[in-house]
1. Give the lysines whose C-alpha is closer than 28 Å to that of K44, dropping any in the same chain fewer than 8 places away, or say none.
2. How high is the relative contact order of the chain, given as a whole-number percent (alpha carbon pairs under 8 Å, six or more residues apart)?
3. Which value in deg cm²/dmol, rounded to the nearest 500, describes the helix-derived mean residue ellipticity at 222 nm for the chain, given -39,500 (n - 2.57) per DSSP H run of n ≥ 4 and division by the residue count?
4. Please give the charge dipole size of the chain, origin at the Cα centre, charges +1 on K and R Cβ atoms and -1 on D and E Cβ atoms. Round to the nearest 20 debye.
5. Go through region 39-56 residue by residue and turn each phi into a ³J(HN,Hα) via Karplus (6.51, -1.76, 1.60, θ = phi - 60°); whole Hz please, and just put x for glycine and proline.
6. Dipole size in debye (nearest 20) for region 67-137 around its Cα centre, Lys and Arg Cβ +1, Asp and Glu Cβ -1?
7. Which angle between 0 and 90 degrees, to the nearest 10, do you get for helix 106-118 versus the longest principal axis of the chain when only C-alpha atoms count?
8. Run the Debye formula on the Cα coordinates of the chain, all scatterers equal and no solvent, and tell me log10 I(q)/I(0) at q = 0.11, 0.12, 0.15, 0.16 1/Å.
Amino acid sequence: MASLIAERNVPVIVMHNRDSADPAIDIMKDISTFFARSLDIAAKAGIGAGNIVLDPGIGFGKTQEQSMTVLARLDQFKGFGLPLLVAPRASASSASVVPSEPQQRLGGSIAAHLIAARHGAQIIRAHDVAETVQALLVAAAIEDLA
């Protein structure tokens, strides 16, 4: 896949994933090791850094606590010098904090998006786009006054 991406000079999202969640591992170290290994493969294949976006894979092969840890410590991945994408599956994580039905978890999703943006995510995939954009714009306006 890496050689085809390099040959076509197209963007690629490198997303961390595990076959199953393991609460015993240091998830931040696991993701960092995965990113380093993936970026080495990309460099050897000739994929330009400008075509790479990193995604820590919130909710994929992680416990709910690990997913929230990744969001809280997202800025640790800034050292790779590449854009960060997050697609928080906050519906599951927010339910672990405040029990609720899926249709009642917009607040949890927006909280996850705000935290992700604050900690370095440049790209956020959201289902509730208008509400997320509004929250991000209001948060930015408030922070600009700090």
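1. K29, K78
2. Rounded, it is 22 percent for the chain.
3. Rounded to the nearest 500, the figure is -15500 deg cm²/dmol.
4. Numbers: 12 positive and 14 negative charges, 53 e Å.
The calculation lands at about 260 debye.
5. Listing the rounded values in order: 5, 5, 4, 4, 4, 5, 7, x, 7, x, 4, x, 9, 10, 10, 9, 10, x Hz.
6. The dipole magnitude comes to about 220 debye.
7. That helix lies at roughly 50 degrees to the long axis.
8. Here log10 of I(q) over I(0) equals -0.45, -0.54, -0.80, -0.89.
Only the coordinates and a few stated rules stand behind these numbers; no lab work does. It should be emphasised that the depicted structure is a prediction, and the values quoted were computed from it without experimental measurement. Here the Cβ is made from the backbone with ideal geometry for all residues, glycine too, and neighbour counts use every protein chain on show.
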